[in-house]
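The values are calculated or read from the model by the stated rules, or taken from the named source; none is laboratory data. None of the values given here were measured: they were computed from a predicted structure. Neighbour counts run over all protein chains shown; Cβ positions are idealised from the backbone, glycine included.
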Amino acid sequence: MHKRSILITGGAGFIGSHVVRQLVNKYPQYLIYNLDKLTYAGNLENVKDLENKPNYTFLKGDIVNEDAIKSFFDTHQFDAVIHLAAESHVDRSITNPLEFIYTNVIGTANLLQVAKTYWADREGVLFYHVSTDEVYGSLGTTGLFKETTAYDPRSPYSASKASSDHFVRAFFHTYNFPVVISNCSNNYGPYQFPEKLIPLMINNIFHSKPLPIYGDGLNIRDWLWVGDHVDAIDVVFHKGKVGETYNIGGNNEMTNIKLVHMLCDLMDKKLNRPLGKSRELITFVKDRKGHDRRYAIDATKIKNELNWEPKVFPQEGMAATIDWYLNNAAWLENVTSGAYQEYYKNHYQG
């Protein structure tokens, strides 16, 4: 008998594919359903190794389509949702904010409403909403985002995620609907779509293309190894307290320019180039509109309450990420062709 029937939305994307893989392999007693629309960032190659697993099923669908969601609940009788499906790239949200409203806000509301209806008074069910630290806005030179930090989203992307967070909490408070939320810092690792800063830089360094850095390069982000994030999601899903929020951070603050310098130097060593050669490719470009200056997460709560903390730090994690991209050139070539090349001819970054 299978103990759980879990719907994971966005499971063919970057973080989602890692979550799906871990739960399928670690919990053979669970039935794992991967729902993905397969947009530009969703790729079944990301989960190709799971195709023949007896406890894994892929479902193609759009969370904005309420009827499709109802049909999936009818057929598969989910007793948990781990919701990662989202439009997630800030630059795209500046160009097309409505797309982010539809997916991130309406899509989340659809999932909440359908799950609430189907679960009614059932016990042992859970809606886990995976969100971002960008909902908190921008920090100055000091301070950290806590779970109690007031929301202050600055981009259409972060505004849409903030709205979805509020809807999840509203369902908890209004309907006593069982939810848990986590807000994470910037993830990096294998299978990340190369519009984001790290894979974009790796790809451009490899091809000796310009490395576009927004503004002065001193914007600060906290970097979280995707495997550490997946472990945190696993812990929150199984041990998190209903109604609570958990911040998940990497304890790795770094300016964008320092990060790119690290990638350049690591790549020079791996490609047997003179040290410093790749740094010559760095080009400073006009800053992103509304570019938040600094993000930094206080992950004390999840450490104290759930005994989780990050294990992989940048020097190790960035080297492993570079190795993966260099060893998976065919994957990279496939996802950077066609529409991607047209849309990102101006080298947008994450």
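What about Thr141, is it surrounded by fewer than 18 Cβ atoms within 10 Å (Cβ to Cβ), out of contact with any His (no Cβ under 7 Å at 6 or more places or on another chain) and hydroxyl-bearing (Ser, Thr, Tyr)? Taking the combined requirement at face value, the residue satisfies it.
Checking the range 70-80 against the condition returns a match, with at least one residue being within 26 Å of Pro190 (Cβ to Cβ) and either among the charged types (D, E, K, R) or buried (at least 16 other Cβ atoms within 10 Å of the Cβ) (or both).
Here the range 38-47 is the region considered, the condition is being of a type in the set (A, V, I, L, M) and crowded, with 17+ Cβ neighbours inside 10 Å, and the residue that is farthest from Thr108 (Cα to Cα) is Val47. Looking only at residues of the range 88-118 that are touching a Phe, Trp or Tyr at 6+ places or on another chain (Cβ under 8 Å) and aromatic (Phe, Trp, Tyr), we find that the one that is nearest to Lys196 (Cα to Cα) is Phe100.
Of all the listed residues (Pro199, Pro190, Pro194), the sole one being within 28 Å of Lys286 (Cα to Cα) and part of a loop (DSSP other than H, G, I, E, B) is Pro194. Taken over the range 269-302, the criterion of being surrounded by 16 or more Cβ atoms within 10 Å (Cβ to Cβ) and either closer than 30 Å to Val180 by Cα or among the small types (Gly, Ala, Ser) (or both) is satisfied by Ser278, Asp292, Arg294, Tyr295, Ala296, Ile297, Asp298, Ala299, Lys301, Ile302. Scanning the range 316-350 for residues that are surrounded by fewer than 16 Cβ atoms within 10 Å (Cβ to Cβ), under 26 Å from His291 (Cβ atoms) and at pLDDT 90 or above returns no hits.
Residue-wise test of (1) out of contact with any strand residue (DSSP E or B) (no Cβ under 8 Å at 6 or more places or on another chain); (2) buried (at least 17 other Cβ atoms within 10 Å of the Cβ).
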{"site": "Gly10", "(1), (2)": "no, yes"}
{"site": "His18", "(1), (2)": "yes, yes"}
{"site": "Gln22", "(1), (2)": "yes, no"}
{"site": "Asp36", "(1), (2)": "no, yes"}
{"site": "Asp49", "(1), (2)": "yes, no"}
{"site": "His83", "(1), (2)": "no, yes"}
{"site": "Pro97", "(1), (2)": "yes, no"}
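Answer yes or no as to whether Phe72 is among the aromatic types (Phe, Trp, Tyr) and touching a residue at least 60 places away in the same chain (Cβ under 8 Å). Here the answer is yes, as Phe72 does meet what is asked.
Using beta carbons and a limit of 6 Å, which pairs, at least six apart or on different chains, have the first residue in the range 147-165 and closer than 12 Å to His89 by Cα and the second one acidic (Asp, Glu) and not in a loop (DSSP other than H, G, I, E, B)? Close Cβ pairs (under 6 Å, with a partner that is acidic (Asp, Glu) and not in a loop (DSSP other than H, G, I, E, B)) amount to Ser158/Glu134.
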